[in-house]
């Protein structure tokens, strides 16, 4: 939801209907071990994000892990004091499903509820608005083991019940809710590349040890269930809580500015396909009730279908759209002639990002130039008829490029 020019010195900003904020994920900020110590301290259950972090840690020291991380569990008061001193207006944090409901469903952990109540109250006491994310990669491992987690439609009911607990316990003070953080990244890194939770992939597509998974089909199934879980939680919130709690609810996706490698017709078409697969995969259903046409044409029977009622429920299922912008990608045409059942979503896209020396060495400053951010947002506005550009935070020298009321990442960096 942000862009920061690391070379900028002038911090003065022009604020247009926005807040200045930070964000932190559950695992790197507040983990204190979903596997070891914190399980004993607060009786949380293990989550897939923690297990995958153990699997892929690359420190050379087996004693190094993310169990404690930034230790927001114990140091949240110090952190909130720093936020206040920095002049922040809001803070987006992720609620841990396994901390709140250790077995994924059923019994609620009072210590987990107590922690988030303390965090929220401390934020409000310092004049900082809490923005809560309900899910950010950390599925309770018990649900993964029981029925495959996001691979099963059973997740929709369990996620909705978990969201219900969040709304009931915290909605009297939290008025900005994000159902899912970056589900388009989840399907890519977790079920195609295999380098994110739950670490599933299949050869030759994965970037990790592909001992389990199906890169050809699973990303499409997971994305479908994510969208349906989102709409189910939104429907519950609007029906049961929104009128009395006066909150807003939406989804957060990650985006990149996709640029054709050349001006050839083929590369221009490839860039449009890549935009459809990376961004339209989620935004088209949320705005139009169905997947992009090019996805349906290129994937064949692999892409699940929405019923008429599901499509209707998807449309307008967001009070806001959260965006995490990272970088820009050069893309070129990359046709694949293998049958659909032998292609992963990247091959279905028939486009690949180009990484030549002079293009790989793109600095953070270059990636986050306001012109690139603006171009990316402009594409979303044109494709989805939003007024997103009415809320761009402009600075004198592009210190911050900010949209809407979302938080500026990040209080504590990712692992």
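Things worth noting here:
- Every residue from the stretch 247-259 that is surrounded by fewer than 21 Cβ atoms within 10 Å (Cβ to Cβ) and more than 29 Å from residue 132 (Cβ to Cβ): 259
- With respect to (1) out of contact with any helix residue (DSSP H, G or I) (no Cβ under 8 Å at 6 or more places or on another chain); (2) modelled with pLDDT of 90 or more; (3) surrounded by fewer than 18 Cβ atoms within 10 Å (Cβ to Cβ), the lone exception for residue 111 is condition (1).
- Wholly within the stretch 152-263, helices (runs of 4 or more DSSP H) carrying at least 2 residues that are touching a helix residue (DSSP H, G or I) at 6+ places or on another chain (Cβ under 8 Å) and modelled with pLDDT of 95 or more: 154-170, 183-191, 218-240
- For residue 88, the test of being at pLDDT 85 or above and assigned to a helix (DSSP H, G or I) is failed.
- Filter result for residue 286 (under 20 Å from the mean Cα position of the chain (by Cα), modelled with pLDDT of 95 or more and in a helix (DSSP H, G or I)): yes
The values are calculated or read from the model by the stated rules, or taken from the named source; none is laboratory data. The structure displayed is predicted, hence computed values, not measured ones. Positions of Cβ are generated from backbone atoms using ideal geometry, with glycine treated the same way; all protein chains shown enter the neighbour counts.
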